[in-house]
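Working notes, structure below.
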């Protein structure tokens, strides 16, 4: 595992050149929060289907934006990032000639994406708190929560990267990510859907990511969080199980 | 008995896609301190063999030991003691020249401090100290290759693997590089390299194998191979279109007809040329030269090294 | 515009042939998804709480749809006018090959701008097709949306092309997208009426081309804008386009003859 952390060290070296990307990663959910959470929120009033009518729309949307920020940060890092390092930059080909193993690489990239997700969410959280959109102190659980979300989607992104054939395939990723972002209860509660659609939405990984962060943020901490936590950990672990042999095949031919 | 660092027997590699037998049962032994070459054209199986020695490509058959260990089981431990210079450099383009060395040192378990000291030392070795801060993309081909070699030395490797080390470099850059490699050899580093340049093989290798189509066609020192398979000198002739092949008689051991010229293998080039003229042939150009590994390859395979 | 410019145009069209299918799918699907989620889904929450007179007298979906068209058009315009111009203007890029022949820099610019206009207009057309999926949005105003969107797009594409031709690296383009285009997207009256924004900041919003594009598209689509307002927004966007083209003529010439 210490060897895997060397990947984190490498990516930190690079971040000196790409800090703007990280700033943008914090900025983007803030923009969404102010525009949709606050701007559109003023038009929405209270959110239907929640037990407490005092919850404002911005308070409802903020943790979901946090979850999507963690998801996007992690997923971009591994899917696009790993694809370029695998096929174009051949960064990994060089790494496997050192004592690093393919496992170290996979775990290292996942660890990095996880940290990045947690960091971006931490930054966003601070802004949410300053702006006064934190409903409950339990919202602090969002930081470890975002790390779990980061892990799940980093691993998924890594698995996806091994399937990409060319840069055109990136569009396919967007075709999955965008609808998930729009419909997995980011902007309205699952109760707005008819029951069959609800079941479908409840199967999506982003739904559980949002649940894991939103429930504590709204003050609900309890065993009800466990299914979402278990879902995300399993989703990440399964993704790694898929990614590892495929990476090995690609790098150790 | 010399210390054997790499040993292969019946070593084979079948690529998953297409089932091509890239390496088809080869055997060799490489001792500590020697410079060992794989000479052959593109597609001969040299790079595949190198990847197997570097423990990044599991063999499909036969036996291979590197530093006395199994590359599949102990890959990580073996890689800690070897250095690799891949053909395409594969430098980390997102990092500066110095950072490339720093992080690579870290991959080998050096502390940050050690890695920094090593980087300074290697930048000097590679004559890149004034480029430390530069982005890799700003380097010339020769500089990139020197950086790649510097990078491969961060762990003070016992074996250095070089895949086509001077391909694509201009003549001056090649000589600078050969000089660096020669120094390493003097310091006791075992060099294993592939090349399709016979001059490089002659310059650098104590011993080499000639590879073609996945098998070893011959083995020996450059001098031995030339003595064994070809004559001391070669007379190269360009003849007018349609002119008959000169016979030149007993002094010529063998005649090789290429698309653009005719090679006459002989131990007495000048004598053979005189004989050609005496026979009444009128070559457009005539050149007497020393036999090279190129001629060995031509003799063994019927083809030129560089097509 | 002359025949040589058409050669440059056809160069870009030939390139586009390889990827147009995916682009069309994305151009129809993206707005459809946004309209469904924001317009229909979130709109239901809005309409329960907010009276139509806050939203130009219509339901949220009808308020949001023309604004989203302007915003999506901006994004398309940015996509077609930055990366490809940067690549083509670099040493060894396709502009260099073109100007090595009989084309001069104005032809190259005209041909490429024509292609950008084509892309912006077809994307807007795709958007209008997506709008047809919503019965409440099938109005006569739909037809006028395409030229309004085209003008909005050109007001971005022309200045951005002028700027992209001067770049040495990609980095500034990414930063403009993140720190200029994205905020504009969120706060130019696309998602909510700008009178909710504090007065001081509202002045900034009024200066952005996207606000003018949004107002133009929305006014035309809903048919309730004053003639003066339509003329004003049109004049602003047209002026920006002309200014962009004039700048581009200079930057292209400077870059390609340097």
Completion exercise
Averaged over residues of B:85-95, the number of beta carbons from other chains lying within 10 Å of each residue's Cβ is 5
Fill in the blank from the handout: Whole-percent tail of the Cα-Cα distance distribution for segment A:1-41, cut at 15 Å, equals 59 percent
Practice task
Please arrange A:104, B:279 by counting, for each residue, the other beta carbons lying within 10 Å of its beta carbon, fewest first.
Solution key: B:279, A:104
Practice task
Give the dimensionless ratio obtained when the Cα radius of gyration of segment B:6-69 is divided by 2.2 N^0.38 Å.
Solution key: 1.08
Problem - Rounded Å value of the spacing that divides the Cα centres of segment A:61-83 and segment B:258-284 - result: 73 Å
Exercise for the section: Set the Förster radius R0 to 51 Å, insert the Cβ-Cβ distance between residue A:176 and residue A:51 as r into 1/(1 + (r/R0)^6), and round the FRET efficiency to 0.05. Expected result: 0.95
Fill in the blank from the handout: Calculated from DSSP helices alone, with each H run of at least 4 adding -39500 (n - 2.57) and the total divided by the residues of chain A, [θ]222 nm to the nearest 500 comes to -22500 deg cm²/dmol
Practice task
With label points built 7 Å along Cα→Cβ from the Cα atoms of residue C:199 and residue B:132, find their separation and express it in nm.
Solution key: 5.9 nm
Fill in the blank from the handout: Relative to chain A, whose Cα atoms define the longest principal axis, helix A:170-183 and its Cα axis are tilted in degrees, nearest 10, by 20 degrees
Exercise for the section: Just tell me how shielded C:33-41 is by partners: mean number of partner chain Cβ atoms within 10 Å of each residue's Cβ, no decimals. Expected result: 4
Practice task
Would you tell me the mean number of C-beta atoms belonging to other protein chains that fall within 10 Å of each C-beta in A:54-61, as a whole number?
Solution key: 1
Exercise for the section: Considering Cα pairs under 8 angstrom that are at least six residues apart, work out the relative contact order of chain B and quote it in whole percent. Expected result: 20 percent
Problem - Ranked packing of A:233-241, A:68-76, B:153-161, C:223-231, most packed first, by mean Cβ within 10 Å - result: A:68-76, B:153-161, A:233-241, C:223-231
Practice task
Neighbouring Cβ atoms within 10 Å as the yardstick, rank C:142, A:5 fewest first.
Solution key: A:5, C:142
Practice task
Please say if the protein assembly as shown is rounded, prolate or oblate, where rounded means a/c under 1.5 for a ≥ b ≥ c the square roots of the C-alpha gyration tensor eigenvalues, and otherwise the choice is prolate for a/b larger than b/c and oblate otherwise?
Solution key: prolate
Problem - Equivalent ellipsoid dimensions for segment B:150-252 as semi-axes, Å, which come from the Cα gyration tensor, largest first - result: 35, 17, 13
Practice task
Based on the mean of other Cβ atoms within 10 Å per residue, sort peptides B:266-275, A:172-181 so the most packed one is first.
Solution key: B:266-275, A:172-181
Problem - Between segment A:173-230 and segment C:164-203, the Cα center-to-center distance that results, in Å - result: 30 Å
Exercise for the section: Calculate, in nm to one decimal, what residue C:100 and residue C:132 gain on full extension: separation in residues at 0.36 nm each, minus their alpha carbon distance. Expected result: 6.9 nm
Exercise for the section: Please determine, in degrees from 0 to 90 and to the nearest 10, the orientation of helix A:226-251 with respect to the longest principal axis defined by the Cα atoms of chain A, where the helix direction is its Cα long axis. Expected result: 20 degrees
Completion exercise
Fewest to most Cβ atoms within 10 Å: B:228, A:195, B:299 sort as A:195, B:228, B:299
Practice task
Please give the FRET efficiency for residue A:87 paired with residue B:254, using the beta carbon to beta carbon distance and R0 = 45 Å, rounded to the nearest 0.05.
Solution key: 0.40
Practice task
Report, in degrees rounded to the nearest 10, the 0 to 90 angle that the Cα long axis of helix C:227-256 makes with the longest principal axis of chain C.
Solution key: 20 degrees
Exercise for the section: Before rounding to the nearest 500, sum -39500 (n - 2.57) across all DSSP H runs of length at least 4 in chain C and divide by the residue total; then give [θ] at 222 nm in deg cm²/dmol. Expected result: -23500 deg cm²/dmol
Practice task
Round to the nearest 0.05 the FRET efficiency obtained for residue C:257 and residue B:186 when R0 = 51 Å and r is the Cβ-Cβ distance.
Solution key: 0.40
Exercise for the section: Express in whole angstrom the spacing between the alpha-carbon centres of segment B:23-37 and segment C:204-236. Expected result: 77 Å
Exercise for the section: Take the Cα pairs of chain C, get the Kirkwood Rh, then feed it into Stokes-Einstein at 20 °C and 1.002 mPa s and tell me D in µm²/s. Expected result: 113 µm²/s
Completion exercise
Volume per residue (Å³) of the convex hull spanned by the alpha carbons of segment A:136-253 is 117 Å³
Problem - chain B: most fluctuating residue of B:285, B:65, B:195 per GNM, C-alpha cutoff 10 Å - result: B:285
Completion exercise
Here the gain from full extension of residue B:277 to residue B:117, 0.36 nm per residue of separation minus their alpha-carbon distance, amounts to 51.1 nm
Handout entry: Highest-MSF residue in chain A out of A:159, A:106, A:224 [GNM, Cα springs under 10 Å]
Key = A:224
Problem - chain C, relative contact order in percent, only Cα pairs under 8 angstrom and at least six apart counted - result: 28 percent
Fill in the blank from the handout: Expressed as a percent, the portion of alpha-carbon pairs in segment C:1-124 spaced more than 21 Å apart is 52 percent
Exercise for the section: Name the most mobile residue of B:93, B:152, B:17, meaning the one with the largest mean-square fluctuation, in a Gaussian network model of chain B with Cα contacts below 10 Å. Expected result: B:17
Problem - Residues of segment A:106-129 with amide N under 12 Å of the 7 Å Cα→Cβ point at residue B:93 - result: none
Handout entry: Kirkwood hydrodynamic radius of chain B, Cα pairs, Å
Key = 21.2 Å
Exercise for the section: Using per-residue counts of other Cβ atoms within 10 Å, averaged over each peptide, order C:144-155, C:114-125 from highest down. Expected result: C:144-155, C:114-125
Practice task
With an 8 Å cut-off on Cα pairs and a minimum separation of 6 or more residues, tell me the relative contact order of chain A in percent.
Solution key: 27 percent
Problem - For chain A, the spread of Cα positions along each principal axis, largest first, Å - result: 59, 40, 35
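None of the figures in this text is laboratory data; all of them are computed from the coordinates on show. What you see is a predicted model, and the numbers here were worked out from it, not measured in a lab. Every residue, glycine among them, receives a Cβ derived from its backbone with ideal geometry; neighbour counts consider all protein chains shown.
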